[in-house]
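Below: the structure, in structure tokens.
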């Protein structure tokens, strides 16, 4: 299962072309999971109701999943501490949860956000690559 980070969805809905958005186009036939936290980050940015509704409909075509549970919360706190000990303090709690969700669930993450790199390097986060 592939989890697509909000960084990609936001570029996609704003019509920005990037290598990561191109990759989303290529993997869109694969099983994609939209997490609750990602859905919030993406949908809260729309100013016009019509854009919000279009994006909501697009995201609804994919599997939906809750990203935070007791297990994920504990694992995310652990991962944050491990990375901080290695000199990489995560800047964003939501990114820490998303990365941990992917690690625990053995999901690949498609992202365009350097904050996920320490999770890949030190904790085994799998990333979608070209």
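Each reported figure results from applying straightforward, stated rules to the coordinates on display, with no laboratory input. Note that this is a predicted model, so its numbers are computed, not measured. Here Cβ is always computed from backbone atoms with ideal geometry, including for glycine, and neighbour counts include all displayed protein chains.
Some points to look at:
- Relative contact order computed over the chain (Cα-Cα under 8 Å; 6+ residues apart), in percent: 31 percent
- FRET efficiency estimate (nearest 0.05) - Cβ-Cβ, residue 91 to residue 25, R0 30 angstrom: 0.60
- The calculated FRET efficiency for the pair residue 17 and residue 78, based on their C-beta separation and a Förster distance of 35 Å, comes to about 0.40.
- Full extension of the segment from residue 1 to residue 51, taken as 0.36 nm per residue of separation minus the current Cα-Cα distance, would add 15.3 nm.
- Region 110-126-region 16-54 distance, computed between alpha-carbon centres (Å): 19 Å
- Rounded, prolate or oblate (a/c below 1.5 giving rounded, otherwise prolate when a/b exceeds b/c) for the chain by Cα gyration tensor: prolate
- Helix-only [θ]222 nm of the chain, DSSP H runs n ≥ 4, -39500 (n - 2.57) each, per residue, nearest 500: -16500 deg cm²/dmol
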